[in-house]
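Undergrad: What follows is a structure written as structure tokens; I'll ask about it next.
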Amino acid sequence: MEPSPKDGESAAAAEPGRGGTAPSSGVVVQVREKKGPLRAAIPYMPFPVAVICLFLNTFVPGLGTFVSAFTVLCGARTDLPDRHMCCVFWLNIAAALIQILTAIVMVGWIMSIFWGMDMVILASKYS
């Protein structure tokens, strides 16, 4: 006994001999994420340092971002290769200040946690 086709599938699609599979059209779609200057200034840190920064950002908004700014001075690379190291450092300090100042209305705290998660994601991708 043959299984019946699932809901949403036609009988022609279930049987490959009847032309149910269409040839691929060969279209390639590429998606690139455009990052703003603050987001692109997040440094690629070693994984343990990124986890510590996430932990700090979770409990004290902006503190992990502040610590990550100093990793830029220690040689951590970012997605802003055309900017000077000091400029990237100050962008991270500015992000930390934004997180600290807006933590009162919970926006900075949420931003701080997402910032820490981005640090961990970047560290795990490029370690």
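Undergrad: What are the residues in region 62-78 that are open to solvent by 10 Å² or more (accessible area, probe 1.4 Å), β-branched (V, I, T) and in a helix (DSSP H, G or I), if any?
TA: Result: V67, T71.
Undergrad: Let me ask you something else. In this structure, is V120 open to solvent by 20 Å² or more (accessible area, probe 1.4 Å) and within 13 Å of S68 (Cβ to Cβ)?
TA: It is true that V120 is open to solvent by 20 Å² or more (accessible area, probe 1.4 Å) and within 13 Å of S68 (Cβ to Cβ).
Undergrad: Quick one: count up the residues across region 65-92 that are more than 10 Å from P43 (Cβ to Cβ) and among the charged types (D, E, K, R).
TA: Number satisfying all stated conditions: 2.
Undergrad: What number of residues in region 64-83 are modelled with pLDDT of 90 or more and over 19 Å from the mean Cα position of the chain (by Cα)?
TA: Qualifying residue count, region 64-83: 3.
Undergrad: Considering every residue within region 94-115, establish whether at least one is at pLDDT below 90, on the phi > 0 side of the Ramachandran plot and not aromatic (F, W, Y).
TA: no
Undergrad: Quick check, is T58 farther than 18 Å from Y44 by Cβ, in a helix (DSSP H, G or I) and either out of contact with any Leu (no Cβ under 7 Å at 6 or more places or on another chain) or not basic (K, R) (or both)?
TA: yes
Undergrad: Kindly provide the set of residues from region 6-48 that are at pLDDT 55 or above, aliphatic (A, V, I, L, M) and not in a loop (DSSP other than H, G, I, E, B), ordered by number.
TA: Passing the criteria: L38, A40.
The values are calculated or read from the model by the stated rules, or taken from the named source; none is laboratory data. Being a predicted model, the structure only gives us computed values, none of them experimental. All Cβ positions, even for glycine, are placed from backbone atoms using ideal geometry, and neighbour counts span all protein chains on display. Protein only, heavy atoms only, side chains kept; ligands, DNA and RNA dropped before computing areas. Shrake-Rupley method; radii C 1.70, N 1.55, O 1.52, S 1.80 Å.
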